[in-house]
Amino acid sequence: MSTILDINDLSVDVTFDKQKHNVVNGLNLSIKKKQKYGVVGESGSGKSLTSLSILNLLPDVLSISNGSIMLDGSTDLTKLSKKEMLNIRGNEISIIFQEPMTALDPLFTVEHQISEVLRFHGKYTKKQMKDMIIDMLEKVGFAEPRQLLKRYPHQLSGGMRQRVMIAMALICKPKLLIADEPTTALDVTIQAQILDLMNDLTQDYDTSILMITHDLGVIAETCERVAVMYAGTLVEESTVEELFDNPTHPYSVGLLESVQSLGDKTKKLYSIPGNVPTPAELKESGCRFASRCPHVMDICRQEDPPLFQIDDDHTSRCWLYREEGEKSNEYKTSNVKG
Ligand SMILES: Nc1ncnc2c1ncn2[C@@H]1O[C@H](COP(=O)(O)OP(=O)(O)OP(=O)(O)O)[C@@H](O)[C@H]1O
């Protein structure tokens, strides 16, 4: 399978009090065509900044300090101007946010907002646009799409608004859909419907998904591969099945434990002690998880762990796996994607 998005050694910095602090650190991710790829981590792990970097939507205080983001092997998105990026957004890459009201304009009808996307990216007559919009609204599950055309966002429920967002995001059949916490604001029953819908439609359109979430349940439901992020670094990467069966990084183990304890009423609710360090709290070197890790060793506080190869398809940024990394002959930081 060829690659649709290749993030290479991406670093993002934030500037405050005239100082630069690192918030995404040497990130490597590769999403294949038609693949559903998840990025999971607690609040503050750098997930959203990764998706905003892809779309050149970083706020002014944040900037990409290193790396490239290749779309379809040929276009480095970090090199595009805001204007050039407008042609990519909505057409080749679309994004759905947690709260559709941030993306939908309260002043315009559903029909107007979806036609804007079509007007920007194609040359269609009014009649063609209307037909395409009705067809798309039907695909996202509206039984009476014509009745929806003249409605305003505030006249819709949260689930309906998210369906409209999905219609807007997919109407140009993008190569990649970034879904940033797309169901977090919705009721559990609606969540499942929206995830199913995204799964089905992206399959029909051969669209890859980058799913950004703090919720491992969402990853299990929708994704094939997963990257676990912590304080701006990728700490573990594998298939979703492998992460659930054989998590290696102590942070991933903690995340999984907190999900499992949710489902087991006999167990006390588990949460990983402590918080993700803020950019200003990060140490110069050493593992970023060291202060919360139950297995912390001296080396963890001194040296940045590289990504160790656990097996062919599984990497983990933890000194506990140094031996496995050496055995598999991959313990060369220059050789491993990190
Ligand atoms: N506009 C901003 N100004 C300053 N710092 C920021 C800004 N946005 C994010 N950060 C910092 O960057 C780090 C990563 O933020 P990011 O939003 O990517 O995390 P996240 O994993 O997506 O969490 P969340 O789910 O809460 O959005 C955080 O430590 C945050 O403090």
Any residue in region 122-144 that is touching a residue at least 60 places away in the same chain (Cβ under 8 Å) sitting within a Cβ distance under 7 Å of a residue that is among the β-branched types (Val, Ile, Thr)? List the pairs, counting only those 6 or more apart or interchain. VAL140/ILE166
Any chance LEU49 is of a type in the set (A, V, I, L, M, F, W, C), surrounded by 18 or more Cβ atoms within 10 Å (Cβ to Cβ), under 16 Å from the mean Cα position of the chain (by Cα) and assigned to a strand (DSSP E or B): no
Among PRO247, PRO305, PRO277, which is the only one that is out of contact with any Asp or Glu (no Cβ under 9 Å at 6 or more places or on another chain), assigned to a loop (DSSP other than H, G, I, E, B) and either at pLDDT 95 or above or open to solvent by 80 Å² or more (accessible area, probe 1.4 Å) (or both)? PRO305
Just to check your reading of the model, which residue among ASP105, ASP72, ASP60, ASP76 is under 29 Å from ASP17 (Cβ atoms) and among the acidic types (Asp, Glu)? ASP60
Go through (1) polar (S, T, N, Q); (2) away from the ligand (no atom under 16 Å from the Cβ); (3) at positive phi and name the single condition THR125 misses. (3)
Go through region 54-96 and give me each residue that's open to solvent by less than 60 Å² (accessible area, probe 1.4 Å), outside any helix (DSSP H, G or I) and within 25 Å of VAL164 (Cα to Cα). LEU55, ASN56, LEU58, ARG89, GLY90, ASN91, GLU92, ILE93, SER94, ILE95, ILE96
Report yes if some residue within region 110-123 is over 21 Å from LEU148 (Cα atoms) and in contact with a strand residue (DSSP E or B) (Cβ under 7 Å, 6 or more places away or on another chain); otherwise report no. no
Does region 28-40 contain any residue that is near the ligand (Cβ under 9 Å from one of its atoms), assigned to a loop (DSSP other than H, G, I, E, B) and at positive phi? no
Test ILE178 against the stated conditions and say whether it is within 27 Å of GLU42 (Cβ to Cβ), of a type in the set (Val, Ile, Thr) and open to solvent by less than 30 Å² (accessible area, probe 1.4 Å). yes
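The values are calculated or read from the model by the stated rules, or taken from the named source; none is laboratory data. Just so it is clear, the model here is predicted, and its values are computed rather than measured. Positions of Cβ are backbone-derived with ideal geometry, glycine not excepted, and every protein chain shown enters the neighbour counts. What goes into the accessible areas is simple: the full protein's heavy atoms, side chains included, and nothing from ligands, DNA or RNA. Shrake-Rupley method; radii C 1.70, N 1.55, O 1.52, S 1.80 Å.
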